[in-house]
Amino acid sequence: MPGTSRKTPITSRKAAVALAASASLALLTTACTGQSSSGASDDASKDVTINFWHAWSAASELSAVKSLVAGFEKAHPNVHVNVVGNMTDDKINQALRTGGGKSPDVISSFTTNNVGKFCSSGALVDLNPFFKKDGIDPETTFPKAMNEYTQFDGNRCTAPLLGDAYGLYYNKTEFKKAGITSPPKTWSEFEADAKKLTISKGDSYSQLGFMPNYHGWESTTEHLFAQFSPTYFDKSGKSALATDPAFKAGFTLQKKLVDELGGFKKLESYRSTLGDEWGDKHPFHTGQVAMQLDGEWRLGMATAANPKLDIGVAPLPVPDDQVAQYGKGYITGTITGIAANSKKQNAAWEFVKYITTDTDAVVGFSNAIHNVPSTLAALKSPKLKYDPRFKTFLDIASNQYSTTSPASINGGVYLTTIQNLGYDYESGKVKDLDSALKSTAKQIDTDIAQAK
Amino acid sequence: MAQVLDKPVELRAPVTPAERTARRKALMEWIAVHSLGVAAALFFTLPFVFVFLTSLMSDSQALSRDLIPHTWEWGNYRKVFDTPGFLTWWKNTLIYAGLGTVLTVVSSIPVAYALAKFRFRGRNLSLMLVISMMMLPPQVVIIPMYLFWAKQLDLSGTLWPLIIPMAFGDAFSIFLLRQFLMTIPNEYLDAAKVDGCGEFKTLVRVVLPMAKPGIAAVALFQFFYAWNDYFGPQIYASENPGAWTLSYGLESFKGAHHTDWNLTMAATVLVMAPVILVFFFAQKAFVEGVTLTGVKG
Amino acid sequence: MSTVTLAKKRRPPGLAAKQRKQALRTLAFMSPWLIGFAVFFAYPLISTVYFSFMHYDGFKPPTWVGTKNWTYVFKNYPYFWPAMRNTLWLVVVMVSLRVVFGLGVGLLITKIKTATGVFRTLFYLPYLAPPVAATMAFAFLLNPGTGPVNSLLEKVGIPAPGWFNDPTWSKPALTLLALWGIGDLMVIFMAALLDVPQEQYEAAELDGASAWQRFRYVTLPNISPIVMFAVVTGVIQTMQYYTQPLIAGKVASGVIQGAGTQFEPGYPEKSTLTLPQLVYNLGFQRFDYGSACVVALVLFALSMVFTAFLMRRRGGLNLAGD
């Protein structure tokens, strides 16, 4: 009929096509988001290449990994390992989810608190059946704390690949100059020593006893609070941040140090002039900071960067009321696991088994990168080469009071949340610690509920 | 009599007080404007200068507060070139930017032409949708797109998820080209049709040669967009160092070199330089293109 | 009468075929964009809405959770509201400063008579620097301890701020970076200023108008569509502000990733957080795809509001133009 607007075929056809395309594509995606599990069905005796992604990046570490892999390939000539280094957790997590030919079969990560996420999401396979198949009992193979942080809810989806222990490094020369004869055992002694070792120069410092600011490399809430033996989660899985007095004590101590050593702003300005963590100009190497909270790798790095430095090593101080537990420290480590999307799981297991349980391999790797060995056998091995000062870390690693941070379903988010509170408290942004602890605990619980 | 006429006309000093004030005012304005100009020029160029100077410092001097290098370490550039992956980043960025630009231009031209010269229902709707797409942050659709490319097509760890969509037109390029094509008088098109050309032939034979400045501008914009893109490679290429581009690689370079500011600045110079060089050769097209977006759009 | 009606109803022969041919031709020319629109715009947008109601971590199949993600993002995600506040700050301060500065520089260029080309090139160059490179350069220049800027300030006796390391100065530092790259706005304003009819200036001068009055009553009205365009596109760009704050925060905090530390978004103290960064944090660090989609939709809504505003005002979009 004249006058009626007849829809042009082209417009309605266009719209229909677009709509159909979108709808079908949307359906396609939703149908295909499930994970394709591959299962361990490959033949480990056939010639095969597996991808190994790790997070190490320094030149010495890369060559140490190379030797480790070479040892494995010599013992298992049919399995070739393609090594990719400098892979941070973000990239590893992405690759584990997408699968495919380029993705890793074996991964290693520094972030032990991601174990909860790896296990509960099914990103890495449970290694218990593999251990059982080869007659290895993890409980008697690995140290207690390491067994703790490599599993979550009964699912052992990772194995420890060398460990780290944290202790106190101190500059013996500067100690002598300040008249301090032995390293501090309690936090009160530590506070006094830090003040004695701090020499101001105008608006800054010529020497700082200790860098307490949380951005100061390893001086994080995670490492510091371990000395107070905190319980992060109560039995029901809720955050114990506001209920366990250890946390309040830890925050208060750090704030006291910040205020007594010059105030947050002055320390932050000083920090921004200091060399970074992995370079030669690390402030402990240069003597700009007299005491340093750090991991066992620092010894090797410091002696290499500044051979003339007179380095002292001791466990970190403990709270005044826990003197009997002096010698404990924070333990963490590198973890390794097999990707659930891997189609070569049996071959991957041969590799994982070698690098985590073969005593000579573990000892050799530990010697090369100066980390704590991760099997009881390796800890006792006569082939273990170490600077006598390194023994402190071995002792910390086997100390029964040493702690680690528990796994959680959303990985290290709870630690970041606690650390954020630390940043706010040290800068003075947050003044009421008690209520802040309560609200932070609530935040942690909410984040965990969101991840379920 | 002759002496008066022989006297040369005084051109220097103004004759009337009014003219004198006017001239002084003009001189003051000239000084003020050009002083501001120099100050502004300093603001815009000093960062480049400092970056370049720092790139030539030794490792220890880079951490000091000195402004001028004591020793001119040209070797820093050699070190950056020798960094594993640096040349790969170059290669990848060139492929991404080059291939992407070609695909964008080829696929956007017909669309822009249709939107400029055809009359059909849904034209205005299409145009509005094109503009909406232009304004859309990439983060809005990144999750399903990432799942699509990575899980469905197993293309994560490559730059293909960034390049392939460019074969389907780019909203900004379409818009810009459309604005430009609209300035081409229809008489040319009519003349071509009278000669028996179909729409496609008209486009290729008659319109394209006249659209060269617009196409050049679009190509340049798209090239720089891809060259400077950080978010795209971060999402799709990060898990495969062999696919990194200069922007992403530069960030990881800083991560690996911490406070080696001299090396990081050398790398920064090497990432900035090509863009600036291309600009010098293509200035006119660039400025025209930017003007097209602002004035006519 | 009836014959006329009948004649109207009977279409001239060949017209249907011609129309169909035209329609097909339009379809052919528009097809790249049509496919692109469906596959890369419409479909992902629908998916994003869909995923915002699902709990999905990339491994187990997605499960329906209704508004759980929405509640989390708006009420419990500690980075969301700081990011929104930062966006507001950036819109109010950065966009307006950029427009004013861009206009100022554009005006300056039109008044420089000597070596105009050289000045124009120098002013434009920073805009070309890749964002990552430019941000790193500024992070170095503004480093509170070792950067040249603070060295100079201290020599002159001005108290030197912490720039990217100080939460009160991090956004101003980013604004400084944005002003450095003013080239694009400068060129647009320059063109607009040169387009103002000279006669209007002459008429105003004859009427005895001062320089300021000429600016206010001749220049501004003529360039106001461009100013409006610059403001709205500036706001839309602010929605997408991702690379510069991310790189600035990473470089300034000095945190080395991979040492077991979780990345701290928005260093210092959440002052450089922007919404696009949240999408990355939720989607590619926490692997909470559902909540990431919620933030993505907030981004979308904000962008579309301003886009609609821009289209309403037309600003010379020539929608109907022929």
Note to self: Exactly one of these conditions fails for C:Leu90: (1) part of a helix (DSSP H, G or I); (2) at the interface with chain B (Cβ under 9 Å from one of its Cβ atoms); (3) of a type outside the set (S, T, N, Q). Give me its number.
What the structure shows: (2)
Notebook entry, point to check: Can you tell me which residues in the range A:371-412 are in contact (Cβ under 8 Å) with a residue 60 or more places away in the chain and closer than 16 Å to A:Thr356 by Cβ?
Noted result: A:Asn371, A:Val372, A:Pro373, A:Ser374, A:Thr375, A:Leu376, A:Ala377, A:Leu379, A:Ala397
Notebook entry, point to check: Taking the range A:246-272, which residues are closer than 28 Å to B:Ala62 by Cα, touching a residue at least 12 places away in the same chain (Cβ under 8 Å) and under 26 Å from the mean Cα position of the chain (by Cα)?
Noted result: A:Leu267, A:Glu268, A:Arg271
Checklist line | Pair list, Cβ < 6 Å and 6+ apart or interchain, from the range B:157-172 residues that are in contact (Cβ under 8 Å) with a residue 12 or more places away in the chain and at negative phi to residues that are crowded, with 24+ Cβ neighbours inside 10 Å and in a loop (DSSP other than H, G, I, E, B) | finding: B:Leu159/B:Ala237
Margin query: Of the conditions (1) crowded, with 21+ Cβ neighbours inside 10 Å; (2) hydroxyl-bearing (Ser, Thr, Tyr); (3) more than 29 Å from A:Thr112 (Cα to Cα), A:Thr181 satisfies every one except a single condition; which number is it?
Written below: (1)
Note to self: Restricting to the range B:212-237, and then to whatever is in contact (Cβ under 8 Å) with a residue 40 or more places away in the chain and outside any helix (DSSP H, G or I), can you tell me which residue is nearest to B:Ala282 (Cα to Cα)?
What the structure shows: B:Asp229
Notebook entry, point to check: Restricting to the range A:369-396, what's the tally of residues that are closer than 14 Å to A:Leu299 by Cβ and among the hydrophobic types (A, V, I, L, M, F, W, C)?
Noted result: 6
Next item on the list: Go through the range A:255-270 and count every residue that is surrounded by fewer than 20 Cβ atoms within 10 Å (Cβ to Cβ) and assigned to a helix (DSSP H, G or I).
Entry: 7
Item checked: Subset of the range B:101-157 (residues that are assigned to a loop (DSSP other than H, G, I, E, B), at the interface with chain C (Cβ under 9 Å from one of its Cβ atoms) and closer than 16 Å to B:Pro233 by Cα) -> B:Pro137, B:Val141
Checklist line | Options A:Leu241, A:Leu267, A:Leu253; residue that is more than 26 Å from A:Asn367 (Cβ to Cβ) and touching a Leu at 6+ places or on another chain (Cβ under 6 Å) | finding: A:Leu241
Notebook entry, point to check: Can you name the residue in the range A:73-97 that is surrounded by fewer than 22 Cβ atoms within 10 Å (Cβ to Cβ) and in a helix (DSSP H, G or I) and is also farthest from the other protein chains (Cβ to nearest Cβ) among such residues?
Noted result: A:Ala75
Margin query: Looking at B:Ile131, B:Ile95, B:Ile143, can you tell me which residue is under 24 Å from the mean Cα position of the chain (by Cα), aliphatic (A, V, I, L, M), over 30 Å from B:Ser58 (Cβ atoms) and crowded, with 17+ Cβ neighbours inside 10 Å?
Written below: B:Ile131
Item checked: A:Asp294 being buried (at least 22 other Cβ atoms within 10 Å of the Cβ) and either out of contact with any Pro (no Cβ under 7 Å at 6 or more places or on another chain) or not assigned by TED's automatic domain parsing to the domain that holds A:Gln325 (or both) -> yes
Item checked: Hey, C:Ser151 of a type in the set (Gly, Ala, Ser), in a helix (DSSP H, G or I), surrounded by fewer than 21 Cβ atoms within 10 Å (Cβ to Cβ) and touching a Lys or Arg at 6+ places or on another chain (Cβ under 8 Å) or not -> yes
Note to self: With the structure loaded, tell me whether B:Ser55 is modelled with pLDDT under 90, small (Gly, Ala, Ser) and under 28 Å from the mean Cα position of the chain (by Cα) or whether it fails that test.
What the structure shows: yes
Check: Quick one: in the range C:278-314, which of the residues that are facing another protein chain (nearest Cβ under 9 Å) and touching a Pro at 6+ places or on another chain (Cβ under 7 Å) is farthest from A:Asn114 (Cα to Cα)?
Finding: C:Ser303
Note to self: Regarding the range A:207-223, can at least one residue be identified that is under 19 Å from the mean Cα position of the chain (by Cα) and among the aromatic types (Phe, Trp, Tyr)?
What the structure shows: yes
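Here is a yes/no grid of residues against (1) closer than 16 Å to B:Leu125 by Cα; (2) more than 8 Å from chain B (Cβ to nearest Cβ):
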| site | (1), (2) |
| --- | --- |
| C:Ala17 | no, yes |
| C:Gln22 | no, no |
| C:Leu27 | yes, yes |
| C:Ala42 | yes, yes |
| C:Val49 | no, yes |
| C:His55 | no, yes |
| C:Phe59 | no, yes |
| C:Thr63 | no, yes |
Checklist line | Residues of the range A:146-161 satisfying the condition of being closer than 17 Å to A:Thr404 by Cα and part of a loop (DSSP other than H, G, I, E, B) | finding: A:Thr150, A:Gln151, A:Asp153, A:Arg156, A:Thr158
Item checked: Enumerated helices (runs of 4 or more DSSP H) restricted to the range B:240-297, each holding at least 2 residues that are facing chain C (nearest Cβ under 9 Å), at pLDDT 85 or above and touching a helix residue (DSSP H, G or I) at 6+ places or on another chain (Cβ under 8 Å) -> B:246-257, B:261-281
Next item on the list: Taking C:Gly258 as meeting all but one of (1) in contact with a Pro (Cβ under 9 Å, 6 or more places away or on another chain); (2) modelled with pLDDT under 80, write down the number of the exception.
Entry: (1)
Next item on the list: Just name the residue that is farthest from the other protein chains (Cβ to nearest Cβ) out of those in the range A:98-127 that are out of contact with any Cys (no Cβ under 8 Å at 6 or more places or on another chain) and part of a helix (DSSP H, G or I).
Entry: A:Gly116
Item checked: Whichever residue in the range A:428-441 is in contact (Cβ under 8 Å) with a residue 12 or more places away in the chain and either surrounded by 18 or more Cβ atoms within 10 Å (Cβ to Cβ) or of a type in the set (D, E, K, R) (or both) and, among such residues, is farthest from the other protein chains (Cβ to nearest Cβ) -> A:Asp434
Notebook entry, point to check: Can you name the number of the only condition in (1) closer than 22 Å to A:Lys172 by Cβ; (2) of a type in the set (A, V, I, L, M, F, W, C); (3) at pLDDT 90 or above that A:Phe247 fails?
Noted result: (1)
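The values are calculated or read from the model by the stated rules, or taken from the named source; none is laboratory data. In this text, all values refer to a predicted model and were calculated from it rather than measured experimentally. Because the Cβ atoms are built from the backbone with ideal geometry, glycine has one as well, and the counts that use them run over all protein chains shown.
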